[in-house]
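Structure, as structure tokens:
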Amino acid sequence: MKLHLHLGAHKTATTHFQNVLEANRHLYHDGITYVAMEEFRNNMRRTKNGIDFGSSGPYLNKIKALSQTLVISEENLSGETKDIYKELFLYSSMEDRLNDFKRFTQDFEKVEIWFSVRSMDGFLPSIYCEALRHFPYKSFNEVYGMNYSQIWLPVIQSICRAFPNSKVNVISHENYTSVLPEVIKQIFGENENWNYLDDVRPRAAMNHYACKLMGLGVGCLPTKFSSGLTQVISNMLDKNNIGYKFAPFNKKEVDGFLRIYEKDLKAIELIEQVVVY
Amino acid sequence: MDTIKVSVVIPVYNTQEYLKQCLDSVLSQTLESLEVIVVNDCTPDGSAVIIDEYAAKDKRVICVNHDVNKGLPASRNSGVLIAQGKYVIHLDSDDFWVDVGMLEILYRTAEVDGCDILRFNGSDYTNGKLTQPILKAENIVNGTFEGNEQFWEYRSVFLYFFRKCFLDEFALTFFPEISLGEDAIFLSSALSRAKKISSLPHVFYAYRVDNQSLMRKPWSVTNYIEEEKAARIVSANIQNFKAAYIKYWAFRLNHYWSTRLMHRAFRDLTPDEIRSHLNYVSEVSSEMDVKALRDSQCLNEIGHNVLIFLLEKDVSSLESYLNKLANDSNNDISANFPRRLYYAIKWRARCLPLLALKKLKFVGGRIRKKIGLRRALAGFLMEEKRFMNMENNSEYNFTLSREGKSQGVTAMLRVKNEEKNIVACLESIIEVFDEIAVIDNGSTDSTVELVVDFKNNHPLGQRVSLYSYPFSVARCGADHQATSADSLHSLAYYYNWCVSKCRYSTICKWDADMLLSSKGKNRERFKRYILGIVRSRRMFTGSFSIQTVYIDKLGDFFVSQDEINQEVRFFPNHPAIFFVKAEWWEKLQVMFPVSNRRLAAPVVYEIKDVEQDEFSHWSSDTFVGERKVREFRNYMHVKKSMHLKDAENFVRINRL
């Protein structure tokens, strides 16, 4: 039994990847099953202390028995978008979550992890905008404070600690489109005739002015209203071609992030169980 | 047969009433590998029956019978003579031990320290209660008699634990001819010869003060002369140890002999006997090192007067002076009203509810904080502080200044030959601090190369700055004491130089053997704590708990449960806050009141690897103070692989 576990990260084309898997379901070989993300998410119950294996157990046992190779893609196993509001480091709680999830994966003879990473100049604004869609408004400065220089190395290290015997595949988001066929081949054995949904557009980031202007008192509105209003204002500005995609960093800062990201990937590549795409 | 770890020697004479309690306290010890040598000094009461009963019940009890009553010193010698244990301890048969784990602790500590003598504490026992500790609580590892005269404070042999081979090496026995002060003679001889003496603060011994021992019965003139002879032997034994010698004689002249013993003598002896005793004392007083005593300034008025009378051999004046002192002490309380009043007021003041004082202090602090004067005061006090070294090396003169500091935290990391730890340390903290200033102090291994490599290759490597301080720095302890504070070689100067290299508004003193926990929750907690300090408008120092973790010879990690140290490590980068020379090492001097923020959760680990010399920055083997002593003992515990048997204190962990 083998498990391919795609853990995110958020805002690294995870939805696109899941859509591709879903759209090409008819091309799978026998003995391989992709568990639809929505279905998986709906059947997993969480408590304060982790996964509720009591109520999720029957479902997990059921999918385990589906075939020899199982593919699961669920970024919320690593953390949630709202974590960015309360955590100072990327995916701080990931290791605990994965250690919890290991109760499910221990029955598999082989577990292979897939994880995408992205330069912080793009990742931080994207995940911030995603958090704005669902949670009450907070300014970008408030969320990140003095902690901009985040890196992926510790995140990958924590995955490696949680799955010390597994191969960890790290995909650089910037190469996503070009390496996707190779990734599909690695997981499904072949990629002939696969439709990579090249025409599907990713969800756009919030409007820059919406993010900035919302600070004027919207934060005190009730959660649903506050997040909904941000989205509405952003859409309205976009429709009228006012402003641009949320971009909190200047060129110098972006260059700094890119330099760090380059080194970050090199450092990740040095970890024995990691392969970088 | 297993080696016997401890031999307990109990001389018995007329203590039938207390003997059972005494023997029970020994046989109930958790350390089972022991022998109990009970010496029956021809006791006329029913003690012999009790001894036989215990010997029949427990094989570890060995009975030695004297045909005639030989006295306490000879009884102790008889016991030690047949002792086979690695260590020897004496216990008086009317006293007992209060802790069943006592021998276990003493044995373990003595093994860890490798000391010849280990002293512990006891307490007076009266009316079924422990009343007051005999000694001040103290904790010393591997001290020597020279410079640690506190070992000499209470001269009773039952508070000492001896390595048997040490006693054999110097053939240390009790003087059988002298039954008064035999402890002091023995101890003066033992302490002056011991290479390593340690102490523990634990109260283990119950000293019964309400029975009729020889010390509490009336003495004959022979007893007084015998006591004086014992004092002379003690004096000869310790005369090369000036501090102990002076302390001993000052104590006798100021108090013990001149008031306490002579007070008794005027009650017990006839005038002729007193005169003969005083004649004897004045005859032998010329043996004293009078100059050393006078120079020491340790003599009080009584001691000084007595010494003059003795040297002048003016026995009649001495007698009348001592007689007056004895009478004064009888009438003292009613005669000296102002003194009584003074003590009464002092006592009352002590009894003021501490809670109220604390509350007052707390409220005062709150008010001061509200007014917010501290930062203004700091600014007013100092704009910049200039440091100039006594060696006149202008390149290493520097200035601590308030200007040009960005908001953030610099980790100040002083390193010397840390190739084993440095990379793990940097990796664990690089995300948390805005800058890591690594100051190398002449490493001869690959520490510097590793730091450079880290700086170039780690994604956040640009946060690391590397500096070199090329002067040898005094090690803690004696070296440090002998080095001037403004020398390039002084610890304080070195630390201040390191501070001058830090670019951010707050500094965290970090060590290369410290690791921040890798657990996400702990890292979050620590970062939040840092942000709390840095972002506040007020100035704070910050202290956090550091859990010591030992790596044993097999490379396994062990957490030492009793070793979590809370220490001030964060401080503002401000010229009014700098390091100064303290007694054993450097200390942080803050020129204005600053509140401290504390992080109680132990999220930082200090790694101690037994394969490395963790005490190389110390210039002596003697350690004083609770924390350092505990550190040393735990370290040696693991080094000698004794931690595997101590599951209570050392808990194995898989990762930090």
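Worth a mention:
- All Cα pairs of the range B:215-273, percent lying beyond 18 Å: 39
- Sorted largest first, extent of the range B:141-211 alpha carbons per principal axis (Å): 36, 32, 21
- Cα gyration tensor category, rounded, prolate or oblate, for the range B:452-605 with a/c compared to 1.5: rounded
- Along each principal axis, taking the top coordinate minus the bottom one, the Cα set of the range A:1-78 gives 38, 31, 18 Å in descending order.
- Using the alpha-carbon positions of the range B:545-655, Rg (one decimal) and Dmax (whole number) come out as 16.4, 50 Å.
- Ranking B:I367, A:I84 from most to least accessible surface, computed with a 1.4 Å probe over the protein chains only, gives B:I367, A:I84.
- All C-alpha pair distances within the protein assembly as shown, sorted into 10 Å bins from zero, spread as 2, 9, 14, 16, 15, 13, 11, 8, 6, 4, 1, 0, 0 percent across the bins.
- With contacts taken as Cα pairs under 8 Å at a separation of at least 6 residues, the range B:1-156 carries a relative contact order of 28 percent.
- Sum of -39500 (n - 2.57) over DSSP H runs of 4+, divided by residues of chain B (222 nm, nearest 500): -12000 deg cm²/dmol
- Relative to the longest principal axis of the Cα atoms of chain B, helix B:271-284 runs at roughly 50 degrees.
- In the range B:1-105 the Cα-Cα distances spread across 5 Å bins starting at 0 as 2, 14, 26, 27, 19, 8, 3, 0 percent of all pairs.
- Computed per residue of chain A from DSSP H runs no shorter than four, each worth -39500 (n - 2.57), the mean residue ellipticity at 222 nm is -14000 deg cm²/dmol.
- Ligands, DNA and RNA aside, A:Y137 has an accessible area near 20 Å² when probed at 1.4 Å.
- Measuring nothing but how far apart in sequence close Cα pairs (under 8 Å, 6+ apart) lie, relative to its length, chain A scores a relative contact order of 25 percent.
- Buried on assembly, the range A:150-195 (at least 50 Å² less accessible surface than by itself, 1.4 Å probe): A:I151
- Summarising the amide proton neighbourhood of A:R118: residues at separation of 5 or more, or on other chains, whose placed amide H is nearer than 5 Å comprise A:H173.
- Carbon plus sulfur fraction of accessible area for the protein assembly as shown, probe 1.4 Å, in percent: 52
- Rg over Rh for chain B works out to 1.04, using Cα positions for both radii and the Kirkwood form for Rh.
- Evaluating 6.51 cos²θ - 1.76 cosθ + 1.60 at θ = phi - 60° for every residue in the range B:252-261, the Karplus couplings come out as 5, 6, 6, 9, 4, 7, 5, 10, 5, 5 Hz, glycine and proline recorded as x.
- Three-way shape call for chain A based on the alpha-carbon gyration tensor, with the a/c threshold at 1.5: prolate
- Gyration tensor over the Cα atoms of the range A:151-195: the corresponding equivalent ellipsoid has semi-axes (square roots of 5 times the eigenvalues, largest first) of 25, 14, 5 Å.
- Site-free segments of chain B were taken between trypsin sites (Lys or Arg not before Pro) in DSSP loops having at most 11 other Cβ atoms within 10 Å, sites themselves excluded; the longest one is B:137-536.
- Axis of helix A:53-64 versus longest Cα principal axis of chain A: the two differ by about 60°, to the nearest ten degrees.
- The range B:578-626: C-alpha gyration tensor shape, a/c 1.5 cut-off, then a/b vs b/c: oblate
- Angle of helix B:520-535 to the longest C-alpha principal axis of chain B, folded into 0 to 90 degrees and rounded to 10: 80°.
- The residues of the range A:157-203 expose on average 57 square angstrom of accessible surface per residue, using a 1.4 Å probe on protein heavy atoms.
- All Cα pairs of the range B:1-53, percent lying beyond 14 Å: 53
- Looking at the range A:39-185, the pairs of alpha carbons with a distance over 20 Å make up 56% of the total.
- Angstrom value of the Kirkwood radius, inverse mean 1/r, which spans all Cα pairs in the range A:85-168: 14.6
- Cross-link check: pairs B:K521/B:K553; B:K509/B:K581; B:K509/B:K645 evaluated at a Cα-Cα cut-off of 26 Å; pairs beyond the cut-off: B:K521/B:K553; B:K509/B:K645.
The values are calculated or read from the model by the stated rules, or taken from the named source; none is laboratory data. For clarity, every value in this text was computed on a predicted model and none was experimentally measured. Ideal geometry is used to build each Cβ from the backbone, glycine not excepted, and the neighbour counts take in all protein chains shown. Please note that ligands, DNA and RNA were not included when accessible areas were found on the heavy atoms of the full protein model with its side chains. Shrake-Rupley method; radii C 1.70, N 1.55, O 1.52, S 1.80 Å.
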